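Student: Mind looking over this structure? Questions follow.
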Amino acid sequence: MKKVFVFFAILIASVKLDAQENHWVAEIGTWGDSVSASMTYDYCCFKGFYVGAGSGVIWNFAYPVSYPVGATIGKTYNSRILVPVYADMKYYFLQKKASPFVDIKGGFLSDYTHKEVGFFIRPAIGVDIKRIGVNLGFEYNNLKGSPLDNGDSLMRGYLGVSYTF
């Protein structure tokens, strides 16, 4: 009986240690006229390399645009809500208290205010200090389906702060 107990204790401890490699990351970021919040689940493929998926919400609070309706200017929006759904790859160069990393997120982007859909990509570099991370990169997004002639595409700098659970 004692051997069975020890066996299960070792098994549970090893599963728990392995599960600690996978983690949730909550991130808040900005690129000037927008604020974003996202949540990502990262799975450790091998030492330092993580693959994950996530979603979030972006509030673009300084986005004035007027859509044409017939020959006149239609409705004018002063902000918009975007929802990204993405895949994530992250690589940590060091496994220490201060761990520099490269990160790339990419996926679908939906604009619920203007009824647009498209894609985005966000490469970044950063550092995690214990559980707090800071990253700097740029984001390119391309939204199609709007009443505007060519849709909407943007490329801007990005600054994010994250917490790893």
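Computed from the coordinates by the stated procedures, all read-outs in this text should not be read as laboratory data. Computed from a prediction, not measured in an experiment: that's the story for all the values here. Neighbour counts are summed over all protein chains in view; Cβ atoms, including those assigned to glycine, are modelled from backbone coordinates with ideal geometry.
Student: Using r as the Cβ-Cβ distance of residue 129 and residue 78, and R0 as 41 Å, what FRET efficiency do you calculate, to the nearest 0.05?
Tutor: Computed FRET efficiency for residue 129 and residue 78 comes out at 0.65.
Student: How far apart, in nm, are two points set 7 Å out from the Cα along the Cα-to-Cβ line at residue 119 and at residue 154?
Tutor: Between residue 119 and residue 154, the label points sit 2.0 nm apart.
Student: May I pose another question? For the residue pair residue 37 and residue 136, what label-to-label distance in nm results when each label sits 7 Å from Cα along the Cα-to-beta-carbon direction?
Tutor: According to this spin-label approximation, the distance is 2.6 nm.
Student: Contour minus end-to-end for residue 164 and residue 85, with contour as 0.36 nm per residue of separation and end-to-end as the Cα-Cα distance?
Tutor: 26.5 nm
Student: Long-range amide H contacts for residue 158: which residues qualify at under 5 Å (H placed 1.01 Å from N, peptide plane, sequence gap of 5 or more or a different chain)?
Tutor: Amide H neighbours of residue 158, under 5 Å, 5+ apart: 137, 138, 139.
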